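Read through the structure below, which is laid out as structure tokens, and then see the notes.
Just so you know, all these numbers are worked out from the coordinates, no wet-lab data involved. Note that the structure is a prediction, hence the values are computed from the model and not measured. Here Cβ is always computed from backbone atoms with ideal geometry, including for glycine, and neighbour counts include all displayed protein chains.
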Amino acid sequence: MTEDQARRIAGRYRIDSVLGRGGMSVVYEGYDEHLDRAVAIKLLNPHPPVGDDVPGARDLRDARTRDRERFLREIRTTARLELAGVPSVYDAGSDGAAELWVVMQLLRGSTLQTVLDRTEATDLSVARAAAVAAQIAAVLVDVHRVDVVHRDVKPANIVVTDSGLVKVLDFGIAILHGQGALPRLTQVDCTDGSPAYMSPEQHLGQPVTAASDVYSLGCVLCELLTGDPPFHDSVEMPLRARHLQTAPPSVRDAVAAVPVVIDELVLAMLAKAPGLRPSAEQVYAVLEPWCTGDQPETEQDPTRPFRRPLLPPRTSASERDSVGQPLTEAEVDALRDEALGLVQEGREHEAVQLVEAAVRRKAEDAFVEVRLRHCLADTLFAAGEFRGAAPLFIAVGREYRRFLGPTNLLSLDCDHDAGLAYAEIGDHVSALPQLQRFVDHAGPDDARLSEARAVLAGLHLARGATSTGLAILRQLRRQVAATEGADSPQARALDRRPRLLGEGEGT
């Protein structure tokens, strides 16, 4: 499918690839063409009309109505929770064909279920288990303060992002106190939630409170520490009966490294009576001192927000890994044209992401690899991201000189652009040698030469080297007069510069 053929919602959200499917909806990775950013788009599964002649038509229509209500509840509940641990809702609506959609923050990471599936039993450190559970508890503290109960806290509804932040998903069955907390006659023997993580009161269809979420979190924490949730279904006793009747296990009996205080916390969280369980805030207070540990930081490390809470994350290992086939030189040239075209359309962020993804793929040989990095530097520069472009231009220019000699045209291009990038961010010391090398070696017919000399003069003047700056301006004025005419706009502009500095005429 070409970009023109790609499906769009509301005229601005482009649907790209499937991220996940559920019984009720599909989540796609997409792109907001107005704000130039990647997004997640969740669509309620569309269903054809159900005729009265279809067996069970009424039940099918009722089920679809419940799906729509749950989808809308998730949108509205998530949108009102402006929390770091809940994905941001950007937009929502209908496409006119009875299909509901919501546009949300795109998360890069893994569900906690995936983390547990690929982790050997008991291999997750106490610090990482505590850090995940503490972050979930922090979300629940804020959620419970606005009288929302999640009702389905489980590993599949938790995402550990590449930066280590934990996000709580799926508020589709969340309820507000006073708006569904009490069971209705039509809900007898009908429970919402996931049985392995549901509290005894949920299994019984009794009123659900914040304590129910704490119980579910206790089940998750037990699984993080031991590799297994606290209760299992068996021939001898079904899962529901175990939640209702069986005393919770000691995690310390399974893993001796678990501190006594955390073992006692899990037992308290799994108390049968809701009133005996700690609050989410108390859970956080107990876990927080154990959330750093002394192990090296890893990818998707939930301890990172506790180690360095205000620092932005470094590039993750998954982002550094190369994927796909190495790029050829022709592909790099085409990539550069595509990226700069996106920048011209105002889609700077998408352009940078496109080239960064290509850089992770690598190139077919060392020289094409340099060309690929040059493409990234050009894209960053065109997108106005000068701080990232400037050092990359210097590194690429150094490699060009190694391959092609000291004064090749490609390295001069890098000198020019590095100098301008550093000048843009006010780093005059770094800008000067780059522009000077370009001016010293560029050919006389290079159209950029006059501009580079003007910038070079301005840098000297800004640093207080007035005589050097004025000398460059006077030399430049003579060259402009010879090529453009003594009365040209460029020459007159150069005449004004010395006068503004009180240094007489520019001739």
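The gain in end-to-end length when the Ala254 to Glu356 segment is fully stretched comes to 32.3 nm, 0.36 nm per residue minus the alpha carbon separation. Of the peptides 9-17, 351-359, the order by per-residue mean of other Cβ atoms within 10 Å, starting with the highest, comes out as 351-359, 9-17. Remark: spin-label model distance Ala38-Thr65 equals 4.1 nm, labels positioned 7 Å along the Cα→Cβ axis. Rounded to the nearest 0.05, the FRET efficiency derived from the C-beta distance between Glu264 and Gln325 at R0 = 45 Å is 0.25. The slack in the chain from Arg492 to Ala462, taken as 0.36 nm per residue of separation less the alpha-carbon distance, amounts to 8.7 nm.
Using the Cβ-Cβ distance between Leu404 and Arg118 with R0 = 41 Å, the FRET efficiency computed as 1/(1 + (r/R0)^6) comes to roughly 0.35. Within the same chain, lysines fewer than 8 places from Lys167 are excluded, and of the rest, those with a Cα less than 20 Å from its Cα are Lys42, Lys154. A Förster radius of 41 Å, combined with the Cβ-Cβ distance separating Arg8 from Asp427, puts the computed FRET efficiency at roughly 0.50. Protection proxy ranking, highest mean first, for peptides 395-402, 80-87: 395-402, 80-87, where packing is the per-residue count of other beta-carbon atoms within 10 Å, averaged. The stretch between Ala366 and Glu451, if pulled fully straight at 0.36 nm per residue, gains 27.3 nm over its current Cα-Cα span. A cut-off under 15 angstrom between Cβ atoms defines the neighbours of Pro259, and their net charge, with Lys, Arg +1 and Asp, Glu -1, is -3.
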